[in-house]
Every structure is written in structure tokens, then in C-alpha cells.
Amino acid sequence: METGAVAGRDAGARPYDVVLFGATGFVGELTAEYLAEHAPAGCRWALAGRSRAKLGALRERLAARWPRCAELPLLVADSTDADALRELAESTRVLATTVGPYVWYGEGLVAACAEAGTDYVDLTGEAEFVDLMYVRHDARARETGARIVHACGFDSVPHDLGVYFTVQQLPKDVPLRIDGFVRAGAVFSGGTFASALTAMGRGRQILRAAHERRLHEPRLMGRRARAPLGGPRFSRETGTWALPLPTLDPQVVVRSAAALERYGPDFRYRHYASVRTLPMALSGAVAVGTGVAAAQLPAVRRWLMGRYEPGQGPGEERRARSWFSVRFVGEGGGRRVFTEVSGGDPGYDETAKMLAESALCLALDPLPKTSGQVTTAVAMGDALLDRLVAAGIRFRVADAR
């Protein structure tokens, strides 16, 4: 059985299978609750964060519902303390972190995990951070056997594994074309808002990081994988207006396609927001444009962040009414398929589930031998897909509209 988290070391010598860093944040606490309920009895896991008092209070809340959590270990570390992060990484087989914006607070933990041969999962949707971590830490992670798996929440698990699932329904060894259409009814947290504003205000840095990655990344030989942005259009397949989404998700999908030959010799993916009416599409485009413009002004950006502090988020009742659906249309070899990935609250409940199951999957499941910066489809594939289906996220072959 591949345990994979520690190359060249005795995994059993480490006291923990999974450590959750940022456990007292909004999504962190939801992830801790999910692990408390669903981690198998033999799984050794711990809570980590900056404040022992907050960690202790969280442990008490968990123990009130799940008494076995009364003895959960508490590990104190700050994202700016390299020595503490090194000790944290060396203590566990898998380290899951919810601490963002990652471009500000994330690199120290990636570096520590790459050095220690520790598997790493996060919730980032920040393309700049992912590209910089590839340039700076992929090579070392490959040497130590660490698997660095970014975007293990709504960014980008439903899209990466949804395309992976769709590819399985299509013929092998032929050019494949897949479009994804995202719909959701949900609200965001302060942490998500801060990450989005940060990304909007760093356009030049994002382009620079992408260019630097291209200089370091090996070229794909004999095959092609691409994700053109496309343009706004009415989608007859879904009966909605399709607006191109320039998020991290299509980049993750293309990196899976480049690594896995099952995606065929010539693969193309396009990623869209799916909007019911033209007025909604136009108002959405205006809102995004206004947000991008506002984020260019540091004073405005700081004011906006101050209106919705990280650590805040929607309550349980609002999350219970939230949902998401990603519809995929795949074509290749004369076959056309419709698939769908769907679930509940995308940004928080389902994201916590995806992060926790990704960490458990890396720690406990037999997986392909991989290392370095890899995607969820490449690192975990069928094993994570099976876990998510068992946890209530739906992957299905759908009928045409």
C-alpha cells in the first residue's frame, strides 16, 4: 500500500496522520467538525493555529458533541515562524491549511512541507500563489516525496474531478473537448472576500508569476492540453448564458490533462459561469468589472476588507439553503456526454468536506506514486472521487437538456 506522505522515512515515527492548521478560522472550524465526525477511529489528527486559547475552546466545543475529541492534541504555530512551521511539518504525514490569503501567509508552510517530505493540502484559488510555489518548491518536494496539492476546496475539486469523471465516459486516444458550466446559490466568508480582493489587485504579479512558471515547467511533448478563455455566448446545451470564468479552475484541469494520458492527444477545456437570463449576465459582468477596478486602489481595497473581516461567514441556516451545480458537456471520438457534479453549500460546508477528505485520502488510501506539486486528479483520482461520492457529493452522467 502506498502511504506516500513521507519518502525515505518511517511514516509511523511521526505522531500524526493529519494536522489541521488554521483550525479556529471559519472554514477551519467546519473542517475540524467534519474530521471529528468522520475521521476513522485509528486516524491520529491534531488541531493547529496561532492561539492555544482559541484552539482549546474549539476542542471543548468539539468534545461536547464528539467526546473522543477531548484529548485532541493542540499545536501552536504562526505562519511567520519558520522554526514552528518546520516542527509542525515534521510532526505529521499530511498537513491541511485554511490560512489565507495564501500569497501573504502560505509559503512558509509549503516550504516546510516540501523540505520535510510531508503531504500538503490547501484551499487556495490564487493562481499567483500556485505558480510561485511551483517555481520555488516543486523540485524540492519531488526530491523528498512530498505531494503539494493546492485547491482542495470548491476551488478546484468539483471542476478537476468533474472533468476527470467526464473523461472516463469518453473514448480513449482521441481528441477531447469539454466545457464546464458553473451555477451556485451561496454567500461568501470574510476570508474568501479577502482572497478575491487580493487577487484582483495583483494583476501584474499574477502575470509575472505565470510567466516565470512557464520558464520552469517542462513542455508537453507529443500531446496538447489547453484552456482557452472563450467568449460570452448562449449555451444551447444548458439553456443559459455562459460567461467565461478566468479562475484557477481551468488551469488545474489542464495540468491534470497534461499529466494523465487518459485525457487524449489533444485536450481542450473551457470554463463558464452559467446564468439564466441576459440581464443577470450583464449585471454580473458589471459587478465583476467594478470589483476589479476598486481593487486597484489600495485605500479602497483596505476599506472593503475592513467591512467583512476574515473569520466571518454565513450561518448554518443560510448554508443549509446553499447549493452548487457544475454541468459538463464532453465530446470526442463521435460521442457526446453530459455529466454533472452537485452538492450543498459550496464555499464552506462542501469545501470543508473536500479539504478533510483530501487530507484523509492522502494519509490513508493506496494511491498512485506521485510527488511535487500535483493536482487532486493526479494525486488522488478515483480514490478521492469515491470518498466524495460516499460523503454525499454527486457525480453523475446526466441527460441532455
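The values are calculated or read from the model by the stated rules, or taken from the named source; none is laboratory data. Because the structure is predicted, anything quoted here is derived from the model rather than measured. Every residue, glycine as well, gets a Cβ built from its backbone with ideal geometry; the counts of neighbours run over all protein chains shown. Areas reflect the complete protein model, heavy atoms only, side chains present, ligands, DNA and RNA absent. Shrake-Rupley method; radii C 1.70, N 1.55, O 1.52, S 1.80 Å.
Under the convention that each Lys and Arg Cβ holds +1 and each Asp and Glu Cβ holds -1, the size of the dipole of the range 315-401 around its Cα centre is about 280 debye.
Assuming a ≥ b ≥ c are the square roots of the Cα gyration tensor eigenvalues, decide whether the range 108-166 counts as rounded (a/c under 1.5), prolate (otherwise, with a/b larger than b/c) or oblate.
It is prolate, given that a/c is not under 1.5 and a/b is the larger ratio.
What whole number of Å gives the distance from the Cα centroid of the range 357-384 to the Cα centroid of the range 129-166? Between the Cα centres of the range 129-166 and the range 357-384 lies a distance of 10 Å. From most to least packed by mean Cβ count within 10 Å, the peptides 103-115, 203-215 give 103-115, 203-215. Label sites at R223 and K369, each approximated as a point 7 angstrom past Cα along Cα to Cβ, lie 1.9 nm apart.
With a ≥ b ≥ c the root eigenvalues of the C-alpha gyration tensor of the range 327-387, is it rounded (a/c under 1.5), prolate (a/b larger than b/c) or oblate? It comes out oblate by the Cα gyration axes. Packing order of peptides 241-252, 72-83, highest average first: 241-252, 72-83 (average count of other Cβ atoms within 10 Å over each peptide's residues). Whenever you get a sec, compute what percent of the accessible area on the range 322-401 sits on carbon and sulfur atoms (1.4 Å probe). Carbon-and-sulfur percentage of accessible area, whole number: 47.
Surface calculation, 1.4 Å probe, protein heavy atoms: D266 sits at approximately 30 Å² accessible.
With the highest mean first, a sort of the peptides 129-140, 22-33 on other beta-carbon atoms found within 10 angstrom per residue produces 22-33, 129-140.
Between A139 and R208, the modelled labels are 2.1 nm apart [label points 7 Å from Cα along Cα→Cβ]. Computed about the Cα centre, the dipole magnitude for the range 12-115 is approximately 340 debye when only Lys and Arg (+1) and Asp and Glu (-1) carry charge, each at its Cβ.
Here the 3J(HN,Hα) profile of the range 252-263, calculated from phi with Karplus coefficients 6.51, -1.76 and 1.60 at θ = phi - 60°, is 5, 4, 5, 5, 5, 4, 5, 8, 10, 5, 4, 6 Hz, Gly and Pro shown as x. Label separation (R318 vs A391): 2.3 nm, computed from points 7 Å beyond Cα along the C-beta direction. Within the range 37-137, the ratio Rg/Rh, alpha carbon atoms throughout and Rh by Kirkwood, equals 0.99.
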